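A short worksheet on the structure shown next.
Coordinate-derived values only; no laboratory data. This one's a predicted model, so the numbers in the text were calculated from it and none came from an experiment. Cβ placement follows ideal geometry from the backbone for every residue including glycine, while neighbour counts extend to all protein chains displayed.
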Amino acid sequence: MRTGSAADLTRRMFGVSAGGGRGMRGRRRFVLSAAVLLFAAARPVPAQWLHAAPGNSAVTVRPQIVRTVPHDPSAFTQGLLFHDGLLYESTGLVGKSSLRRIDPRSGEALWKNNLRGGEFAEGIAILGHELVQLTWKGGTAIRYELPTLRGDALPPFHYKGEGWGLTNDATHFIMSNGSDSLYFRDKRFEPVRAVAVTRNGRPQKHLNELEYTRGYVYANVWYQNFIVEISAESGTVKRVIDCAGLLRAERPLTVDNVLNGIAYDEREDEWYLTGKNWKSIFVVKIPKPSP
Ligand SMILES: [Ca+2]
């Protein structure tokens with residue numbers, strides 16, 4: 001039996017006919033427009049996200065899934081970190097931006113702050129006694145006191161350009177803005193230095209959510225199924241963490257539900273990885289880099 005065409009599907013969903021008669025051209029145009037809208041709204045995840053390892057001569061490693069934790073599928077994850085036994089998540093989109101403190105065993109939000117209407121939250125980092133939350137285009141970072149998470153006690157940091165990912169190396173904040181550079185800032189958020197990131201000698205653009213440990217910055221790459229391990233000193237990508245297995249397990253609904261969110265529990269040597277609007281956080285082991 002012949003399966004329905006896109007036009008058949010659209011006709012059933014919208015209750016319109018592409019048959020002959022008066023107004024046929026208008027209806028056909030409507031059907032075609034509806035079909036374009038339908039497929040534009042739900043572009044599927046590319047097959048290579050689920051199967052192919054990234055083309056790369058740098059060493060590729062695959063994470064081993066230890067367990068999964070439920071993740072709020074309405075959370076458009078822009079930042080994730082692990083601190084003192086708890087997860088912290090920043091979610092984006094205007095009207096849906098938030099900061100959450102999450103139980104890493106149950107995935108439940110223990111505390112949540114919804115941002116004001118026009119703000120679009122991005123990466124987060126904890127340095128000293130404060131948690132800092134970037135905004136995408138606002139040029140402002142919100143500062144929350146720890147452990148109270150009061151967000152109105154400290155004046156915000158200001159910076160030029162876009163804010164994407166944020167982490168720290170215990171001395172500096174390390175920030176991404178979607179380019180191929182990492183920006184180091186001091187505790188007052190003043191710029192200190194920038195490091196250009198290269199993979200196999202080429203600029204690695206679209207650096208997104210970040211995590212730092214033991215001399216390396218781990219970065220999601222926007223619209224890619226892998227994480228790059230970057231030498232914080234030289235900017236060279238040493239290894240690629242191939243996360244196709246996580247995407248196969250998660251089966252994100254659309255191409256925009258990208259892999260994004262890296263947190264590291266140093267005590268247990270476990271990584272918490274997720275994506276925008278994913279239903280799971282994957283707790284994984286990643287082989288340590290050779291010294
Ligand atoms: Ca992170």
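Using a Förster distance of 35 angstrom, determine the FRET efficiency expected from the C-beta separation of S231 and I65, and round it to 0.05.
Numbers: r = 26 Å, r/R0 = 0.76.
The calculated FRET efficiency here is 0.85.
Taking a straight Cα-Cα cut-off under 17 Å and skipping sequence neighbours fewer than 8 places away in the same chain, the aspartates and glutamates within cross-link reach of K137 are E119, E122, E162, E209. Taking 7 Å steps out from each Cα toward its Cβ at A170 and K205 produces label points 3.6 nm apart.
How large is the charge dipole for the range 49-285, taken about the Cα centre, if only the Cβ atoms of Lys, Arg (+1) and Asp, Glu (-1) carry charge, to the nearest 20 debye?
The dipole magnitude comes to about 420 debye.
Across the range 105-111, rounded Karplus estimates of 3J(HN,Hα) from the backbone phi angles (6.51 cos²θ - 1.76 cosθ + 1.60, θ = phi - 60°) give 8, 9, x, 6, 6, 8, 7 Hz, Gly and Pro being marked x.
Distances between placed amide hydrogens fall under 5 Å for Q204 paired with V197, T198, R199, all partners being 5 or more residues away or on another chain. In terms of packing, defined here as the mean over residues of other Cβ atoms within 10 angstrom, the peptides 200-209, 269-278, 238-247 line up highest first as 269-278, 238-247, 200-209. Straight-distance candidates among the lysines for linking to K187, with alpha-carbon spacing under 18 Å and chain neighbours fewer than 8 residues away dropped: K160.
Pairs exceeding 20 Å between alpha-carbon atoms, taken from K238/K276; K96/K205; K96/K276: K238/K276; K96/K205.
Residues whose amide H falls under 5 Å from that of V45, counting only those 5 or more places apart or on a different chain, are V255, with hydrogens built in the peptide plane.
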